[in-house]
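Trainee: Structure in structure tokens, see below.
Nothing in this text is a laboratory measurement; each read-out follows from the coordinates by a stated rule. Model, not experiment: these values are computed from the prediction. Cβ sites come from the backbone with ideal geometry, for glycine too, and all protein chains shown count toward neighbours.
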Amino acid sequence: MKGLKELFCLLLVLFLGVNLSAQEFFGGFILGGDMSQVGGDTRGGYNKLGVVGGAFAGLNLSSDFDVQMELKYIQKGSYSTDVETWPVFDPFLIKLDYVDLPIVIGYNLNKININDINMKWLKLEFGLSLDFLVNYKQEIRGEVVVNSDPWRKVALNTVVGARVSVKENIEIGLRFIDSMTSICRSSKYPYGNGNVLYIRRLFGRYGMFNDVLQLAVFWRI
């Protein structure tokens, strides 16, 4: 446990190049769940449930700001049972398991008071993360699709969220995690085969994109 924390702290130091004498390190574990969808699979709704777990280490930059690096396992994808709309293709499942490496800047609202209540228990988060695909599965009407592997091994995401302190060393955080780059082989042009329909996001390319709502507990050690 101690060695893991020290490893993350070393990575933060190398990444940020900060002066250690004026900083305070922290670390801990993450455990929670998520709901996800895939933009571009033509099915809406955060219907795919998954688990989230890992570890983090961070650096207090000031009384207002900190930076946190994480290493976690996260399940994403899509799930639909809308057989009325998709009688040929549903039930439909995309299961994508990733090792996720976020870098997140936290802003503590300890200088803000609302109705004489100090907001130090609330923290806003902004950052980026890299997903590395470790496992995948796609099913159509309960049958595993075995002759197709369109999934990219790496995806870049934006991270936006907020955390509430419930105890001195325990926080509960809600995050919106959306992929900026396509999670499958992308194209300059729209693509549709009756089952999926590519959409376009950043960089002007068409593809499919993970959208995730994550709720997790952050336990500092």
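Trainee: Shape of the stretch 58-115 from its Cα gyration tensor (a ≥ b ≥ c, root eigenvalues): rounded if a/c is under 1.5, otherwise prolate when a/b > b/c, or oblate?
Mentor: The shape class here is oblate.
Trainee: On C-alpha positions alone, give me the angle between the axis of helix 2-16 and the longest principal axis of the chain, in degrees, nearest 10.
Mentor: Relative to the chain, helix 2-16 is tipped by roughly 90 degrees.
Trainee: Among 106-119, 48-61, how do they line up from the highest to the lowest mean number of other beta-carbon atoms within 10 Å?
Mentor: 48-61, 106-119
Trainee: With the cut-off at 1.5 for a/c, could you classify the stretch 45-147 from its C-alpha gyration tensor as rounded, prolate or oblate?
Mentor: oblate
Trainee: Next question, about the same structure. Between their Cα atoms, which of Lys72/Lys111; Lys48/Lys120; Lys72/Lys153 are more than 24 Å away from each other?
Mentor: Lys72/Lys111; Lys48/Lys120
Trainee: Once the piece of chain linking Asn115 and Lys137 is laid out straight, how much longer is it, given 0.36 nm per residue of separation minus the C-alpha distance between them?
Mentor: Fully extending the segment from Asn115 to Lys137 adds 2.9 nm.
Trainee: Could you tell me which residue out of Gln214, Tyr191, Gln138 lies farthest along the dipole of the stretch 134-221 toward its positive end? Charges go on the beta carbon: Lys and Arg +1, Asp and Glu -1, centred on the Cα centre.
Mentor: Tyr191
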